[in-house]
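**Q** First, the structure itself, so that you have it in front of you.
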Amino acid sequence: MGKVNIKSIAAALNLSPATVSRALNDSYEIKKETKQRVLAYAEEHNYRPNPSAKHLKTGKTNLIGVVIPFLSSPFFLEFIDELYKLAWPQHYTLLPFQTQNGEEMEKEALDFLIRQNVAGIIISPAFENSNTELLRNIHHDHCPVILFDRIQHDLDTYKIGIHNSLETYNATEELIKKGRTKIAFLCGKDIGNTKDRIRGYKNALHNYSIPFREEYVIHADYQDPTENIDNELKEVFKKLQTMDNMPNAIVGGTDTLSVKVLGILAELDLSVPQDVAVIGFTNTNLANYLNPALSTIRQPTQEMARLALELLIKLIDKQQDRRDMVYGNFMFQATTIYRKSTEV
């Protein structure tokens with residue numbers, strides 16, 4: 001048998017090529033029974049769509065832009081790695097960009113992706129409402145946009161994340177149950193999940209009648225060069241030590257801060273967990289090998305990436321005005337693993 005294509009499938013099933021094409025693209029115009037016949041035949045005969053033909057017809061490429069704050073973050077690296085594995089069999093190629101939490105770099109990345117005529121964009125925004133108008137314009141008039149991780153953003157689209165406030169509540173509560181009441185929270189300044197994570201932290205303190213201390217919420221400014229974050233945090237903790245107000249537990253609100261804080265505490269001659277217990281959000285595979293082994297809140301990157309790509313491709317294939325669509329938020333549960341850094 002020769003190469004299987006839309007025309008050969010149409011001839012074999014006594015259908016028109018247009019009907020076969022619509023069935024393969026899950027068009028609402030085609031009956032369910034017809035779709036099943038076409039898909040079953042295509043699978044049986046190892047039919048593979050011609051991405052070039054499809055993209056010439058639609059005017060779109062087979063490129064998907066992925067815009068993230070940091071390529072160095074274990075969470076974002078895992079997410080992109082999973083996207084690559086999922087996108088390749090579906091004939092899509094990724095174009096990843098990092099913004100270093102900068103709105104201007106994010107804008108440059110988005111402008112470049114539009115010039116490349118990408119089929120869609122998956123983004124974790126630099127800040128809560130960074131480039132809102134640009135993203136809205138892209139989503140409505142150019143290509144679909146999906147948000148993940150940092151989903152506290154005004155763009156009306158599908159959003160994929162975790163229950164941030166619940167995860168920080170549970171982590172803070174666990175520290176309280178271990179007898180820690182002077183708990184600090186490290187977070188990135190103005191990034192899109194900070195407010196929810198702080199809310200969970202504050203709720204746990206409130207429910208256990210522990211006074212909230214403003215000085216214990218420590219914001220790291222990612223706009224500064226990376227090496228300055230270490231110095232900034234060191235100065236904050238030195239000041240707290242001088243005031244005899246050093247926390248005896250820390251919740252790290254980002255990948256970077258959760259790992260960095262162990263080294264900073266060691267430089268200040270503070271022992272973990274004897275002086276300060278530490279738990280944090282991070283997807284690093286090295287948590288068990290740090291000194292001490294770090295208690296972590298791990299996000300389900302594989303599931304998040306799978307859903308993000310699935311929803312994006314559905315939007316790419318739909319011939320519908322995205323202004324009129326009803327979107328939803330998809331929230332996953334993180335996995336918390338307690339190790340030596342939080343032992344009593």
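The values are calculated or read from the model by the stated rules, or taken from the named source; none is laboratory data. Predicted model, so just to flag it, every value in this text is computed and none were measured. Quick reminder, even Gly has a Cβ in these numbers, built from the backbone with ideal geometry, and neighbours come from all protein chains shown. The accessibility values were calculated without ligands, DNA or RNA, using every heavy atom of the protein model including side chains. Shrake-Rupley method; radii C 1.70, N 1.55, O 1.52, S 1.80 Å.
**Q** Name the single residue that is nearest to GLY200 (Cα to Cα) among those in the range 154-180 being part of a loop (DSSP other than H, G, I, E, B) and open to solvent by 10 Å² or more (accessible area, probe 1.4 Å). Steps first, please.
**A** Keep residues of the range 154-180 that are part of a loop (DSSP other than H, G, I, E, B), which gives 154-158, 163, 178-180.
Narrowing further to those that are open to solvent by 10 Å² or more (accessible area, probe 1.4 Å): 154, 156, 158, 163, 178-180.
On the way: ASP154: 21, ASP156: 25, TYR158: 23, HIS163: 10, LYS178: 18, GLY179: 18, ARG180: 16 Å.
So, considering only residues that are part of a loop (DSSP other than H, G, I, E, B) and open to solvent by 10 Å² or more (accessible area, probe 1.4 Å), the one nearest to GLY200 (Cα to Cα) is HIS163.
**Q** For GLU310, indicate whether it is open to solvent by 70 Å² or more (accessible area, probe 1.4 Å) and either assigned to a loop (DSSP other than H, G, I, E, B) or out of contact with any strand residue (DSSP E or B) (no Cβ under 8 Å at 6 or more places or on another chain) (or both). Even if it seems obvious, please write down each step before you answer.
**A** Numbers: open to solvent by 70 Å² or more (accessible area, probe 1.4 Å): yes; either assigned to a loop (DSSP other than H, G, I, E, B) or out of contact with any strand residue (DSSP E or B) (no Cβ under 8 Å at 6 or more places or on another chain) (or both): yes.
Yes, satisfied.
**Q** Which of the following residues is open to solvent by 20 Å² or more (accessible area, probe 1.4 Å), within 25 Å of THR284 (Cα to Cα) and not in a strand (DSSP E or B): ASP81, ASP111?
**A** On the way: ASP111 fails: within 25 Å of THR284 (Cα to Cα).
Step by step, each of ASP81, ASP111 is checked, and only ASP81 is open to solvent by 20 Å² or more (accessible area, probe 1.4 Å), within 25 Å of THR284 (Cα to Cα) and not in a strand (DSSP E or B).
**Q** Right, something else. Just one of the numbered conditions (1) open to solvent by 50 Å² or more (accessible area, probe 1.4 Å); (2) modelled with pLDDT of 95 or more; (3) touching a strand residue (DSSP E or B) at 6+ places or on another chain (Cβ under 9 Å) is not true of GLU343; which one?
**A** For GLU343, the failing item is (2).
**Q** Residues ASN329, ASN291: which one is open to solvent by 60 Å² or more (accessible area, probe 1.4 Å), in contact with a strand residue (DSSP E or B) (Cβ under 8 Å, 6 or more places away or on another chain) and not basic (Lys, Arg)?
**A** Working: ASN291 fails: in contact with a strand residue (DSSP E or B) (Cβ under 8 Å, 6 or more places away or on another chain).
Checking each option against the conditions leaves just ASN329.
**Q** Additional query: Looking at the range 181-204, which of its residues are assigned to a strand (DSSP E or B) and aliphatic (A, V, I, L, M)? Reasoning before the result, please.
**A** Of all residues in the range 181-204, those assigned to a strand (DSSP E or B) come to 183-188.
Hits for the range 181-204 are ILE183, ALA184, LEU186.
**Q** Checking THR282 against (1) surrounded by 19 or more Cβ atoms within 10 Å (Cβ to Cβ); (2) out of contact with any strand residue (DSSP E or B) (no Cβ under 6 Å at 6 or more places or on another chain), which single condition isn't satisfied?
**A** Just one mismatch for THR282, condition (2).
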